[in-house]
Amino acid sequence: MLGTGIIKGMAQTAKNFVGSYSDPKYLTTVEYPEQRVPTKENNRNFPFLVFDGEEAMVGLRCVACQICEKECPPQCIYIEKDKNKKPDFVGKDQFQPAVFDIDISVCMSCQICVEVCPFDAIKMDTEFELSQTNRFDGLLINKHQLAKSNDYYRGIHPTEAAEIDAARAADVKKAAAKAAAKAKAEAEKKAKAAAEAAAKTEADAADTPES
Amino acid sequence: MATLSHYLLLSALLFSLGLTAVLIRRNAILVLVGIELMLNAANLNFIAFWRHSPNPGDLSGYMFVLFSIAVAAAEAAVGLALIIAVYRHFRTTDIQKISKLKG
Amino acid sequence: MTFSFAIIAFITLIGAVGALAFRQIVHSVLCLAITFTGVAMLYLQLGAQFLGFAQFLVYIGAVTILILFAVLLTKNTGPTISGQVYSASWVSGVGVGVSVFVCLAWAILRTPQLDRLAAEETNSTVKAIGLSLMSDYVIPLEVIALLLTAAMVGAIVIAMNETSTQTTMQGANHEKGLK
Amino acid sequence: MEALLIAIKARILELAPEFLQFPLGHLLSITPVISVFAGIFALTTWIERKGLGRIQNRLGPNRVGPVGILQPVADGLKMIFKEDVVPRSADKIVHFLAPILLVIPTMLAFSVIPYGNRLVPIDLDAGILFFFAIGGSAELIVFMAGWSSRNKYAMLGAMRAIAQMISYEVPLILSSIVVIMMAGSLSLVDIVAVQTGGFWNWHVATPWGFVGFLLFLTAALAESNRSPFDIPEAESEIIAGHMTEYSGFKYALFFLAEYLGLFAMTGLAITLFLGGFHAPFPFLNWVPAPLWFFGKFAILVALFIWIRGTLPRLRMDQLMGLAWKFMIPMSLITFAAGATWHYAGKGLLAWILCTPMLLGSYVYLGTALTKGQKVSKRVYRFAD
């Protein structure tokens, strides 16, 4: 019948209206800047660069391989490779990005850069209050602003960060083991060589006529 | 005070403007606009004469204009329907180009 | 000639001249609306209150809109007069218009009986109009009602006629086949 | 209160010199009307946003001032200081004139509504005809706005608005003509005078009056382009219809005109059907009459906000179908019911004759309108 649906709908909205004053169930929003809904762990927004240790520019995991730059669908990443190698967090010489810019007005938070990074150097942030008064400069973020510590990463995505840390630690261990093995092999080789050399000298000495 | 002849002069001017529009404009819709102007001029004459007659209690002129407005509305509706029909046929509303009776 | 009459007459004539002269049809029609408003104001000034409002309702609310719809339906929104503005037909048309006005003005100005003021009292209340519509003018009223209905039906039929044969080719072919 | 207001006006007029009395008298009538309704407009925008918020389970504006009461001021300031953008290819003069012209008829419409016993700006003999004649010019101005913008959305919105306004003007006028027929006058003051002495004398308390009131309200909503009849400015389809190319103060004028048009329609609905400024019971006559008027006004505006918060937008064919297939026949039947009411003596017999007539035709037309439409609960494949 024409009109019954209208009356039903009006009753529902009236219930909503009256309920919003008496029953908190009917108010689903919060007063945003003062009250906040705790963010979900899988929440993600624009990317940032992870660094290890204290010094941001030293500990950057990024080695400027430019895979993310190539993979980025809206092409919002711009990387310039540094010419010289610099010692990184552990003191090993590495390439580092001289320039690493992300235009967050272009970025669409697709997370592809994170997926492709072989060094776990770029991760998704949860920061969303990024409004700026300048349309151009303020939204182009450079590597100093992008660099955030691993502790921060552990804070925003604990589960994921733990996995990554474990994987990296395993990697490091493996690398250390490998290095140790290599060192051992090297040492053995050296020792052998030394022994051989000693033997040789001895032999030489033996060979050498006394006269 | 404005006298009867003022209204009549205004109405005559309106009528001749409408007539000029009918004669010089080539678009059928603007010809209709000219006809509307002429009708309005005539209606204005009726009302002016009714108001300045010795016996304004007699509503003949008033009624004539009332019916004239209704007829004008009907005329506009039918006239524009004709123009649209003609346009559908000839793809133009230029009355110079609409010269064939049976297309 | 009072001040208010002069203003209203000026508005009316400006509108009429605009309707006559604008190149853009929509502008012409908008100017026509100004003229209709001016005429409605003249009716009000002459004490025909009901008629003034009726004029406004019918002409502004219906006829102008109707004309604008016709303009849009016939793709006439661009300028129409192209090139030769002062053609022979233009000159003769203006000539006829001017001569008609001169004749009428001469006749009006030559008649001294027309130079008189209106009577003080009128009997144009809505009640009086309604009563005379329902008593003296009841047959014209019925005829007008019939005319409006016929005009509405006629307008629909005229405007629909060719679409049925043009847009639905199947129907047209079917008709041909019948013949 | 009315006596006090009239006395104040007379007192001021006494002080003024002779030649100023005519313009000053009208100015003293016009200024309160315009300022009161402009104030109500500002308040309504705030109340509407708050109410809609509550209906949609949120809080509504609450930042500017206590509980957001200064929101209209903030909005107004924003509108005034915004850049006024005119499209390059727009028809500059028509584009400029449209918003200004649109405010004039909506303001003029308030001049015939009686707000109190002697508080009516002009008591025109053909007041209701004046109201509709003035309202009819809005269509032309909306066309001007849409056409001059040289924007497809604007043009589309304007054509939608004109089609809708013309269609709904018919039931609007027809449903008020029943009242004119019963009151025997086109003057709104006379129509209010007929409904004196308690709510049982109001036109809404009769079967034809009740149906006419509902028809009038629906048509008034459509006339003022309000939800659920807001397809001329459907934001999600054609941006803002004829207002698309307007910004800043011109947009504010359109907004103002829209609300003022709604208010004028509300005032007319009160005058025609709800007894105007009369109290519902004779013993409440000591309350000043304008308060009754504005009380009814507030209730109707709240109802409009409630409707806006509830009903979804109609489709174009549904809109036209409702106007031509349901509302116009229904208002014609209301005519017949009014005549029956008059000749059956306005008593029990009239009730017995009129009610089944109207109910029956409502059921018949309603089923005819919704025939062939299958209404079933919508099933969502992914959302649930």
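Every read-out reported here was derived from the displayed coordinates using simple, explicitly stated rules and does not represent laboratory data. Keep in mind that this is a model prediction, so the values were computed, not measured. Quick reminder, even Gly has a Cβ in these numbers, built from the backbone with ideal geometry, and neighbours come from all protein chains shown.
Report, ordered by chain and residue number, the lysines lying within cross-link reach of residue A:184, taken as a straight Cα distance under 17 Å and ignoring same-chain residues fewer than 8 apart.
A:173, A:174, A:192
Mind checking which of D:253, D:286, B:20 is farthest towards the positive end of the protein assembly as shown's charge dipole, using Cβ charges of +1 (Lys, Arg) and -1 (Asp, Glu) about the Cα centre?
B:20
Would you mind pulling out the separation of the Cα centroids of region A:74-122 and region B:25-103, in Å?
Region A:74-122 and region B:25-103 have Cα centres separated by 77 Å.
In units of 2.2 N^0.38 Å, what is the alpha-carbon radius of gyration of region A:47-156?
Details: Rg = 13.5 Å, N = 110, 2.2 N^0.38 = 13.1 Å.
That ratio works out to 1.02.
With a sphere of radius 14 Å drawn around the Cβ of residue A:114, what net charge do the other residues whose Cβ falls strictly inside it have (Lys, Arg +1; Asp, Glu -1)? Let's see the in-between values first.
On the way: positive: A:44, A:61, A:123, A:148; negative: A:69, A:71, A:115, A:120, A:125, A:160, A:163.
Neighbour charge sum, excluding residue A:114 itself: -3.
In whole Hz, what ³J(HN,Hα) sequence does region D:311-320 give by Karplus (6.51, -1.76, 1.60; θ = phi - 60°), x for Gly and Pro?
Residue by residue, region D:311-320 yields 8, x, 5, 7, 7, 4, 5, 5, 4, 5 Hz.
Chymotrypsin sites (Phe, Trp or Tyr not before Pro) within region A:123-181: which are DSSP loop residues with at most 12 other Cβ atoms inside 10 Å?
Details: sites: A:128, A:136, A:152, A:153; in loops: A:128, A:136.
Counting only loop positions with at most 12 other Cβ atoms within 10 Å, the chymotrypsin sites (Phe, Trp or Tyr not before Pro) in region A:123-181 are A:128, A:136.
Sorted from fewest to most neighbouring beta carbons within 10 Å, what does the list D:79, A:108, A:124 look like?
Numbers: D:79 17, A:108 12, A:124 21.
In order of increasing Cβ crowding within 10 Å: A:108, D:79, A:124.
Specify the residue with the greatest mean-square fluctuation among A:36, A:61, A:154, computed from a Gaussian network of chain A linking alpha-carbon atoms under 10 Å apart.
Between A:36, A:61, A:154, it is A:36 that shows the largest mean-square fluctuation.
What dipole magnitude, in Debye to the nearest 20, does the protein assembly as shown give about its Cα centre under +1 on Lys/Arg Cβ and -1 on Asp/Glu Cβ? Provide the component values of the computation, followed by the final result.
Working: 71 positive and 66 negative charges, 363 e Å.
Its charge dipole is roughly 1740 debye.
Hey, how many Å between the Cα centroid of region D:30-60 and the Cα centroid of region B:1-23?
So the separation of the two Cα centres works out to 49 Å.
Considering only DSSP states other than H, G, I, E and B, which trypsin sites (Lys or Arg not before Pro) in region D:77-151 qualify as loop sites with at most 15 other Cβ atoms within 10 Å? Intermediate results must be reported in sequence, preceding the final value.
Details: sites: D:78, D:82, D:88, D:92, D:118, D:150; in loops: D:82, D:88, D:118, D:150.
Answer by residue number: D:82, D:88, D:118.
Loop-only chymotrypsin sites (Phe, Trp or Tyr not before Pro) in region B:33-73, please: DSSP not H, G, I, E or B, and at most 11 other Cβ atoms within 10 Å. Could you put the intermediate results ahead of the total?
Values: sites: B:46, B:49, B:50, B:62, B:64, B:67; in loops: none.
Answer by residue number: there is no such site.
Going down the table (A:85/A:143; C:75/D:152; B:97/C:75; A:83/A:178), which pairs top 21 Å between alpha carbons? Each step should come with its number before you reach the end.
Details: A:85/A:143 17 Å; C:75/D:152 14 Å; B:97/C:75 16 Å; A:83/A:178 29 Å.
The pairs that break the limit, which is 21 Å between Cα atoms, are A:83/A:178.
As a test of the definition: which semi-axes, in Å, follow for chain A when you take the square root of five times each eigenvalue of its alpha carbon gyration tensor? Largest first, please.
Details: eigenvalues 770, 90, 41 Å².
The equivalent ellipsoid of chain A has semi-axes of 62, 21, 14 Å.
How large is the Kirkwood hydrodynamic radius of region A:158-206, counting all unique pairs of alpha carbons, in Å?
Working: mean 1/r = 0.0744 Å⁻¹.
In region A:158-206 this quantity evaluates to 13.4 Å.
Please compute the net charge surrounding residue A:18, taking Lys and Arg as +1 and Asp and Glu as -1 over other residues with Cβ under 13 Å from its Cβ. Show your work: numbers first, answer last.
Values: positive: A:15, A:25, D:54; negative: A:23.
Net local charge, residue A:18 excluded: +2.
Considering chain D as a Gaussian network with a 10 Å cut-off on Cα pairs, which listed residue, D:48, D:14, D:245, attains the greatest mean-square fluctuation?
Of D:48, D:14, D:245, the Gaussian network model singles out D:14 as fluctuating most.
Semi-axes of the equivalent ellipsoid of chain B: what are they in whole Å, largest first, if each equals the square root of 5 times a C-alpha gyration tensor eigenvalue?
Details: eigenvalues 234, 50, 10 Å².
Working from the Cα gyration tensor, I get semi-axes of 34, 16, 7 Å.
Show me the ranking of peptides D:51-62, D:339-350 by mean Cβ neighbours inside 10 Å, starting with the highest. Working shown, then result.
On the way: D:51-62: 17.8, D:339-350: 14.0.
Order by mean packing, descending: D:51-62, D:339-350.
By per-residue mean of other Cβ atoms within 10 Å, what is the highest-first order of A:166-179, D:306-319, C:134-147? Walk me through the numbers before you get to the answer.
Details: A:166-179: 11.0, D:306-319: 15.6, C:134-147: 13.2.
In descending order of packing, they fall as D:306-319, C:134-147, A:166-179.
What average number of partner chain Cβ atoms lie no more than 10 Å from the Cβ of the residues making up C:39-49? Can you show the working numbers first?
Details: counts 10, 2, 0, 10, 7, 1, 4, 10, 5, 11, 7.
So the per-residue partner count for this stretch is 6.
More than 22 Å apart: what percent of Cα pairs in region C:1-82 qualify? Please list the in-between numbers first.
Values: 1005 of 3321 pairs.
Result: 30 percent of Cα pairs exceed 22 Å.
Projected onto the charge dipole of the protein assembly as shown (+1 at Lys/Arg Cβ, -1 at Asp/Glu Cβ, origin at the Cα centre), which of A:9, D:349, C:73 gives the Cα projection farthest towards the positive end?
After comparing all options, I get D:349.
Would you mind giving the mean number of other chain beta-carbons within 10 Å of the Cβ of each residue in D:43-55, as a whole number? Display every interim value, and only then the final one.
Numbers: counts 0, 0, 0, 0, 0, 0, 0, 0, 2, 2, 4, 9, 8.
The per-residue average across the peptide is 2.
If you place +1 on the Cβ of every Lys and Arg and -1 on the Cβ of every Asp and Glu, how big does the dipole about the Cα centre of chain B come out, in debye to the nearest 20? Please report the intermediate quantities before stating the final value.
Numbers: 8 positive and 4 negative charges, 129 e Å.
Once rounded to the nearest 20, the dipole reads 620 debye.
With +1 on each Lys and Arg Cβ and -1 on each Asp and Glu Cβ, how big is the dipole of region D:192-294 about its Cα centre, in debye rounded to the nearest 20? Let's see the in-between values first.
Values: 2 positive and 7 negative charges, 98 e Å.
Taking the Cα centre of region D:192-294 as origin, the dipole is about 480 debye.
Return the average number of partner chain Cβ atoms within 10 angstrom of each residue Cβ along peptide D:155-164. Don't skip to the end; give the middle numbers.
Working: counts 2, 0, 0, 2, 3, 0, 0, 3, 2, 0.
Per residue, the average neighbour count from other chains is 1.
What's the local net charge at residue A:5, with K and R +1, D and E -1, over the other residues with C-beta under 14 Å away?
On the way: positive: A:8, D:374, D:377, D:378; negative: none.
Here the charged neighbours net out to +4.
If you average 1/r across every pair of different Cα atoms in the protein assembly as shown and take the reciprocal, what Kirkwood value do you get, in Å? Before the final figure, lay out each step's value.
On the way: mean 1/r = 0.0296 Å⁻¹.
Hydrodynamic radius (Kirkwood, Cα pairs) of the protein assembly as shown is 33.7 Å.
GNM, chain D, Cα, under 10 Å: largest mean-square fluctuation among D:19, D:283, D:81?
D:19
For residue D:230, which sequence-distant residues (separation of 5 or more, or a different chain) have an amide H within less than 5 Å of its own amide H, given hydrogens modelled in the peptide plane?
Here the answer is D:314, since their amide H atoms fall under 5 Å of that of residue D:230.
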